[in-house]
1. If I compute solvent accessible area with a 1.4 Å probe over the protein chains, what percent of it on segment 519-574 is carbon and sulfur?
2. What number comes out for accessible area per residue over segment 326-372 if the probe is 1.4 Å? Units Å², please.
3. Can you tell me the length gained on complete extension of the stretch Ala381 to Arg608, counting 0.36 nm per residue apart and subtracting the Cα distance?
4. Using a 10 Å cut-off on Cβ atoms, rank the peptides 425-435, 206-216 from the highest mean neighbour count down.
5. Give me the percent of the accessible area of segment 389-430 that comes from carbon and sulfur atoms, probe 1.4 Å, all protein chains in place.
6. Based on alpha-carbon centroids, what's the gap between segment 175-251 and segment 593-634 in Å, whole number please?
7. Considering every pair of different Cα atoms, what Kirkwood radius, in Å, is found for segment 419-539?
8. Taking the mean number of other Cβ atoms within 10 Å as a proxy for protection, how do you rank 612-621, 449-458, 403-412 from highest to lowest?
Amino acid sequence: MDRSTDTQAAEIERWLQQHEDKSLLRFITCGSVDDGKSTLIGRLLYDSKLLADDQLAAVQADSRKWGTRGGEVDLALLVDGLAAEREQGITIDVAYRFFHTERRKFIVADTPGHEQYTRNMVTGASTADAAVILVDARKGLLTQTRRHSHLVRLIGIRRVVLAVNKMDLVGWSQEVFDRIADAYREFAARIGLEQVTAIPLSALDGDNMLAHSERTPWYRGPTLMAWLETVEVDDERLQAGPLRMPVQWVNRPHQDFRGYAGTIARGSVAPGDRVRVLPSGRATAVAAIVTADGELAQAVAGQSVTLTLADEVDVSRGDVIVAADDPPEVADQFECTIVWMADEPLLPGRQYELKTGTRSVGASVTDLKYALDVDTMDHIAAKQLGLNGIGVANLALDRQIVFEPYETSREMGGFVLIDRMSHHTVGAGMLHFALRRASNIHLQHVDVDRAARARLKGQRPGVLWFTGLSGSGKSTIANLVEKKLHAAGRHTYLLDGDNVRHGLNKDLGFTEADRVENIRRIAEVAKLMADAGLIVMTAFISPFRAERDMARRLLPDGDFVEVHVDTPLEVAEGRDVKGLYRKARRGELKNFTGIDSPYEPPEQPEMRIDTVTLSAEDAAERVVGYLRAQGMVG
C-alpha cells in the first residue's frame, strides 16, 4: 500500500467518524395529495448535493421521459422510489430516504397523501422526531391536512413545520401565507400542537429550502434546512429516563451463558445496576452487557445488547427489564386512542391480537367512548370505527402487560391491533392510562373447581356450539340433543338465540356490532356453565368466524364442539317458519343474515350436519354419537 492510499484510508476513517458522531433526525413529510412532498424531499437531496450518481441518472432519464417545468428537473421523480406512483400517480407505501449535512444525519419518510393510505402515514410517523406538514398555498388547509396533523399529535410528535408550498403560484403573497399560517396555528393549538413553525416556500424552485429567497423579503424565519438542522431530537430525553428494555429473545449459545437480548427503549444500564423483570416483579442485578464486539461498560437507549443477570431469573420473550427503583405499571385494562386502518370496521367485543413491544396478547374494545371528527374536533357517539377513523376507547386484554403512557414512551405505550383470522394489521393505538378497575379486580381463588363439579355430575363438561342460517334447524336439533342427554342422566343446559334475547340480551339489536356483543355475552355465559360442570348447547346463527373463534378460546382444548348445521340459503328460505326471510326480502328487516348481512361458514368444524339429507332426529343421534366417541358422555 503506497502513501497516497494510506492518506485516503485515513481520510475515509476521519469522515466516517465525523458522521458517526452526528445527531440523527427522523422526520416525516405528510399532507394532502399533490401538496409536493416528494418534490420537497427531492429538492433537499438535490440542493444538498448528496445524490448518488445512479439517482442523478434516474432524474435525468425521468425528466426526459416526463418533461420539466420552467427548465427545472422534476425532483418528485427523483425520490418517488415506487413504480406504482410513476405509473398510476399515487404513492401506496412509505418511502424512506437518507441524507446528511455537515451538522446532522437525516432519515425522512415520504408518506402518501391519499385518505385510503392513512395507515401508511401512521407507520412513517411512528418513529419520527418531527413532521413537515405541507399545504398547497392555492388550496389552504384541507381535511387530510387536519387528519395528518391530529395523527402527528396523537403519535407524540411535538415539533412541526407547516410548509406552505407552491407560493410561486400565488404570486408570493404574504397575505395568503399569513392567512394559512394563522388558521393552522389556531387549529394546532386546539389539538395540542404548540411548536409550529410556518415557512413559505417553493419546493420545485428551492425558495426558502436551503437559503432565504429574495422573493419573500417579508419572511424572517428559518429556512427549512436550518430548522431541520437545529430542531431538538428525542435521543437525549430517552437516554435520561429510567431503564426500559423489552426482551426480544433469550440467548443461550452454551450452557454456561444465559443472556437476554433486546433494544433499550429508554434510559441506560451498566453492570451492577439493580433491575426488575416485569411482569413477574423479580429483582436482580446486571452482571454484564454483551455485544458482538465485546462487553460494554454502559448501554443507552437505542442500542441492541444482551444482558446477563446476577441471579437465575425466569425471563421470557415479551418480558421487560426495568430499573428496580423506578418500574412502570402493569395492567390489563386501559383507556386508549385507536386509529383504525381496515375496511372492516372496529367492533366492540370482537377479539383482536394486540402487539406492543415484543409481547402479543388477546384484546377487545369494551367501550368505544367516541369517534373524533378531524375537521371540527367534535366527539361523536359511535358503536364502531370505520376506515381511517380515530376514536377513544376502553381496551381489555387477556393478560397483563408492562406499559407507560404513550406521551411518556412510544415504545411502551404504542400498540398495533391484528385481525386473528387474516393476520392483517387493522389498527394502531396509544395507551393513555390504566383503568382503576384493572388494579382493583383480582381473580378470587375457589376450592371447588371445574374438575370437582364435573366429578360430582359424573360427566365431562363442554360446549356444543350450533351455528347456521336462520331456519337451518339449529334449535330443533339442539333441543333433541338435550332431550337425549337428559334421558341418559346427563346435566345439560340449552342457550337458544331467541330465548336469550328476551332477557340477558334484550337490549341488543341486529347490527354487526350488536351481533358481536350478543355472541360475546353468550360465550362468557356458556363458559361459566361449563365451569359449573354442565354440557352446554348454544343455538345461535353466530355469523362471524371471529366471534366463534373467540368462544372456542374461552374453553380448554377439546371442550368446544362446533356443529355447523349446513343448510343452503334457498332451502332455509323455503322453510321460513317464522316469516323472517319474507320480511327481509321486503326490506322490513335490516341486517338479516344471508340477505343483507353475511354468514361466514365454519372452515373446520368438529361436525357438519347436512339437513338436506338428514332428518333432525338422525342429526341429533349423530351429535350424541360424536360426544360418546369423544368421551364427553358415557
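The values are calculated or read from the model by the stated rules, or taken from the named source; none is laboratory data. These figures come from a predicted structure and were not determined experimentally. In this analysis, Cβ positions are derived from the backbone assuming ideal geometry, glycine residues included, and neighbour counts consider all displayed protein chains. Just the protein is used for accessible areas: all its heavy atoms, side chains included, with ligands, DNA and RNA removed. Shrake-Rupley method; radii C 1.70, N 1.55, O 1.52, S 1.80 Å.
1. Details: 990 of 1840 Å².
Its accessible area is 54 percent carbon and sulfur atoms.
2. 32 Å²
3. Working: separation 227, 0.36 × 227 = 81.72 nm, distance 4.09 nm.
Roughly 77.6 nm would be gained on extension.
4. Numbers: 425-435: 20.6, 206-216: 18.0.
So the peptides 425-435, 206-216, ranked by packing, come out 425-435, 206-216.
5. For segment 389-430, the apolar C and S fraction of the accessible surface comes to 51 percent.
6. So the two Cα centres are separated by 62 Å.
7. Values: mean 1/r = 0.0580 Å⁻¹.
When all Cα pairs of segment 419-539 are included, the Kirkwood radius is 17.3 Å.
8. On the way: 612-621: 15.0, 449-458: 13.3, 403-412: 20.4.
Final packing ranking: 403-412, 612-621, 449-458.
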